[in-house]
Amino acid sequence: MARQPLLFAAGLGVLALCAALSLALGSRSIPLSTVLDALSGTAQGGDADVVTGLRVPRTVIALTVGAALGAAGAVAQGVTRNPLASPTTLGINAGASFAVVFAIFTLHLTHPLQFVWFAVAGAAGAAVLAYGMARRGGDLDPIRLALGGTVLTAVLASWTSALMLASRRTLDEARFWLAGSVSGRSLEVLYQVLPLIAVGVLLALLVSPALNALALGDETAQALGVPVARIRVVGGLAVVLLAAGSVAVAGPVAFIGLAAPHLVRPLLGNDHRLLVPGCLIAGPVLLLSADVLGRLLVRPSEIEVGIVTAFLGAPLLAVLARKVAR
Amino acid sequence: MSTLARQRRRTLSFSAGFVAALVLMTAVALSTGQVKMPLGDALAALFGVGDAGDVLVVQEFRAPRVVSALVAGAALAVAGSLLQRLFRNPLASPDVIGVTGGASFGAVLLLATGASQALTPLAALGGGVLAAVLLGGFAWRSRMAVTRLVLVGLAVQAGLAAAVNLMIVRFPAELAGQALQWTTGSLYGRTWPEVFGAGSAIVVACAAVFLMNRRVAVLDLGDDSAGGLGLDPNRTRLGLLLLAIVLASLAAALTGPVAFVALAVPHLVRFLAGPPTPATLALSALTGAVLLLGADYLVLHLLPVKGLPVGAVTATLGAPWLLVLMVRQGRLPQRSRS
């Protein structure tokens, strides 16, 4: 019984450690004492500027995006009753990517700040499409939702490639954004989408008790008095808001949404009232550690976090799958 | 029994129709292009008769492209059918289990080293096999659990795709464009050595699939029954899985990972001809060939935008088709969920 609060506390501890490492480590290492001084405003000089000017925004963005993606993954898997569901597999990332690349292609955009609402619109559009495909007699068919998402991703990804092949300028602008990164993104971008993410987290927490009933199957949930269709819509909305917000800030970062719930489930069990908050912690832990790793691996250069999460998440998921699936 | 007979008749008539379509499409593909020539001249040129210029164009440029489309389309379709049946999962396809990602990875890595592009098919095959080895290494235990395979496949795919992405980001723009072209799937600039190499291997692998097809049917009865009939279910499944992986890698080696053919064809064939039989496997191969050749014709001659990768077209065409199927069927046939 007392295990869960302990696990949450441990999770928060790990998260704090990751955040501290993210502030201290990079192309140059800064001692934690200097980091603390810089945060409290007592330190001056190059190191302090790096901490407050570059690493704090980056860490804050990684925390937010990671939490949003983690929660989005947990809700997506609950709503679809499909352990493979995630913002990536439902086509949401692909929708955002295509919208941004299309905007770069037609409107000659050059700055991530300009990408924000295209990313949000693309993510929302893709999600609505995936939903439309999965609706059957007013209800949502989990298998059709997953298949529809896969279909959508394939189409949108190939259109994105075609646009990038058609214009060298688009390729140059887009390929860095498409890798997914939390560096060099301004807090301004985050502030624009923060309301979306906040509402998304709220909705995710609200639907999580009902997701437990949904896990028993639609008929049973209905018999228990759970409004299945409405829960699906609200849960879907939460996924869209969270995924769209995080894509707009960091670009498509794969795998956090898929991996976080699989990481949390063995620890906290299948209760969504614990799973969703757990993923709010596990998501940023994954994203931050991936980001720090990306900075350390090829110092003084760095690898985009979207690429690191995929590298890191792939074997993790493989190991989990090996253990979990009979 | 009458349903069986009806199914056989439907399969046969669709196969006959697709064979006719293939002959017609091949003839049209050989005779159209920037150099215009009548159908008769094109066919004569195929056998080295007629104007030297025509012969060059048909024999060296058009024919290898057409043959690649036919062979790769068929290979992808057979690989997809086999995978979906083995996994009992309508989503299983070379893309899902990581083979596509592996092939892309191999080819792009070759681009990165600056080695001759003639080696691309070999590199793609190597990448596909690497993906298969990773898949096997992670997923293999005393028995092959389907869920685990699909999950691990997704993981392998994601890891390899990340490696490709990393290279695309780091490449100079020139190479990045080339890498992107390849990873989207394209029939551009195929040459005879590539076609013969990958093509003959595909023919052999396809023949092996047809020979082993009866064992798939036994596996369908369930592992216990299959064991009772004297078939080692795990070893059989592993062999068939390897065969599907080799087929998909070879197809990718020839054309790049053309999206959707492997995923869509089995659904299409089930819709046209009903549950799988040896004959429907042949129909799948035909359907894949028709689809890819048709898509390539579209890319070359019908679209206003030039130089599109054929993968973009197969995805665009395949998607609505699959969606219509989904709507009409109500629910996709699925025998077991695990």
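The values are calculated or read from the model by the stated rules, or taken from the named source; none is laboratory data. What you see is a predicted model; the values in this text were computed from it and never measured. Every residue, glycine as well, gets a Cβ built from its backbone with ideal geometry; the counts of neighbours run over all protein chains shown. These area figures cover heavy atoms from the full protein model, side chains too; ligands, DNA and RNA do not enter into them. Shrake-Rupley method; radii C 1.70, N 1.55, O 1.52, S 1.80 Å.
Annotations for the structure displayed:
- Mean separation of Cα contacts under 8 Å, 6 or more apart, over the residue count of region A:3-325: relative contact order %: 30 percent
- Remark on region B:144-259: Rg and Dmax equal 18.3, 59 Å (Cα only).
- Other residues with beta-carbon under 15 Å from the beta-carbon of A:Ser158 carry, at +1 per Lys or Arg and -1 per Asp or Glu, a net charge of -2.
- Mean-position separation - Cα centroids, region A:95-117 and region B:1-71, in angstrom: 42 Å
- Net charge dipole, the protein assembly as shown: roughly 1700 debye, given to the nearest 20, about the Cα centre with Cβ charges of +1 for Lys and Arg and -1 for Asp and Glu.
- Label-to-label distance for A:Leu187 and B:Phe210 is 6.8 nm, based on points extended 7 Å past Cα in the beta-carbon direction.
- The convex hull drawn around the Cα atoms of region B:198-311, when projected onto a plane and averaged over every direction, covers 8.0 nm².
- A compact globular protein would have a Cα radius of gyration near 2.2 N^0.38 Å; the ratio found for region A:43-102 is 1.64.
- Nearest-10 value in Å² for the accessible area of B:Tyr297, using the 1.4 Å probe: 60 Å²
- Remark: region B:1-80 projects, on average over all directions, an area of 6.6 nm² (convex hull of Cα atoms).
- Share of carbon and sulfur in the accessible heavy-atom surface of the protein assembly as shown [1.4 Å probe, %]: 69 percent
- Size estimate for chain B follows the Kirkwood approach: the inverse of mean 1/r over distinct Cα pairs works out to 20.5 Å.
- Shielding score for B:176-185, defined as the mean number of other chain Cβ atoms within 10 Å: 4
- For the residues B:Thr113, A:Thr89, A:Thr52, B:Thr184, a 1.4 Å probe over the protein chains yields an accessible-area ranking, largest first, of B:Thr113, A:Thr52, A:Thr89, B:Thr184.
- Chain B packed on chain A takes about 4100 Å² of accessible surface away from a 1.4 Å probe, both sides summed.
- Working note: Karplus 6.51/-1.76/1.60 with θ = phi - 60° gives region B:47-54 the couplings 9, x, 9, x, 4, 4, x, 4 Hz, where Gly and Pro are set to x.
- Counting every alpha-carbon pair across the protein assembly as shown, the share separated by more than 43 Å comes to 24%.
- Averaged over its residues, region A:3-325 has an accessible area of 37 Å² per residue, based on protein heavy atoms and a 1.4 Å probe.
- A 1.4 Å probe, protein heavy atoms only, puts the accessible area of B:His301 near 60 Å².
- Working ranking of peptides B:58-68, A:264-274 by packing, defined as the average number of other Cβ atoms within 10 Å per residue, highest first, is B:58-68, A:264-274.
- Number of partner chain Cβ atoms within 10 Å, mean per residue of A:60-73: 0
- Region A:3-325 - charge dipole about Cα centre, Lys and Arg +1 at Cβ, Asp and Glu -1, debye rounded to 20: 460 debye
- Ordering A:Asn212, B:Ala319, B:Pro172 by the projection of their Cα atoms onto the charge dipole of the protein assembly as shown, which places +1 on the Cβ of Lys and Arg and -1 on the Cβ of Asp and Glu, puts A:Asn212 at the extreme positive end.
- Computed over region B:229-272, the P(r) tail beyond 15 angstrom holds 60 percent of alpha carbon pairs.
- Cα-based values for region A:3-325, radius of gyration first and Dmax second, are 19.5, 65 Å.
- Peptide-level mean, for B:256-264, of C-beta atoms on other protein chains within 10 Å: 2
- Principal axis analysis of the Cα atoms in region A:101-256 yields extents of 56, 31, 23 Å, listed in decreasing size.
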